[in-house]
Amino acid sequence: MAQMDIVTKRIYDDAAKRDGHRVLVDRLWPRGVSKDDARLDDWCKELAPSDDLRTWFDHDADKFDEFAKKYKKELNDCDDKLDELVDIAKDKRVTLLYGAKDEEHNQAVVLKEVLCERG
């Protein structure tokens, strides 16, 4: 089985060549980031948490475990897109980009876990 290379990174950090395939996984465009600066290969709004889940979570670290469970359930409807990212990650690095300030408690962390489990 091919080894996958998936990392997470804030969209506000500078883009780098080593990022590989850059994918924004937020439903909303991050404030203050131009399309040029983002240097995206893909914007997977369909892989972002639903508006209801995002609003409920509100980046509260105490709710993260429950958020992760609910978010993984939502991702069950996204097989094609998840498989597409897994395939890309077998060939080159996939960088999951997010806007949240908390680097440990956000959807990209959960999404990376889901992708790694699929790969």
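The values are calculated or read from the model by the stated rules, or taken from the named source; none is laboratory data. Only a predicted model underlies this, so the values are computations on that prediction, with no experimental measurement involved. Cβ: placed from backbone, ideal geometry, glycine included. Neighbour counts: every protein chain shown. Quick note on the areas: whole protein, heavy atoms, side chains included, nothing else; ligands and nucleic acids left out. Shrake-Rupley method; radii C 1.70, N 1.55, O 1.52, S 1.80 Å.
Some notes on this structure:
- Of the criteria (1) under 23 Å from Arg10 (Cβ atoms); (2) crowded, with 16+ Cβ neighbours inside 10 Å; (3) out of contact with any Leu (no Cβ under 8 Å at 6 or more places or on another chain); (4) of a type outside the set (A, V, I, L, M, F, W, C), which one Tyr98 fails: (3)
- Across segment 69-82, the qualifying residues are those that are in a helix (DSSP H, G or I) and out of contact with any helix residue (DSSP H, G or I) (no Cβ under 7 Å at 6 or more places or on another chain), and the one among them that is surrounded by the fewest Cβ atoms within 10 Å (Cβ to Cβ) is Asp80.
- All positions within segment 102-119 that are farther than 13 Å from Asp26 by Cα, crowded, with 17+ Cβ neighbours inside 10 Å and without any contact (Cβ under 8 Å) to a residue 60 or more places away in the chain: His105, Val114
- Close contacts from segment 53-72, counting a first residue that is within 17 Å of Glu113 (Cα to Cα) and a second that is assigned to a helix (DSSP H, G or I) and polar (S, T, N, Q), with Cβ to Cβ under 7 Å and a gap of 6+ residues or different chains, come to Tyr71/Gln107.
- Total residues in segment 1-21, condition touching a residue at least 24 places away in the same chain (Cβ under 8 Å) and either under 11 Å from Ala89 (Cα atoms) or hydrophobic (A, V, I, L, M, F, W, C) (or both): 11
- Residue satisfying condition, being modelled with pLDDT of 95 or more, among the acidic types (Asp, Glu) and not in a helix (DSSP H, G or I), within set Glu66, Glu104: Glu104
- Residue within segment 83-93 that is surrounded by 14 or more Cβ atoms within 10 Å (Cβ to Cβ), in a strand (DSSP E or B) and of a type in the set (A, V, I, L, M, F, W, C) present: no
- Residue count for segment 41-63, restricted to those that are open to solvent by 20 Å² or more (accessible area, probe 1.4 Å) and part of a helix (DSSP H, G or I): 10
- Selection status of Asp37, over 25 Å from Gln3 (Cα atoms), at pLDDT below 95 and in a helix (DSSP H, G or I): yes
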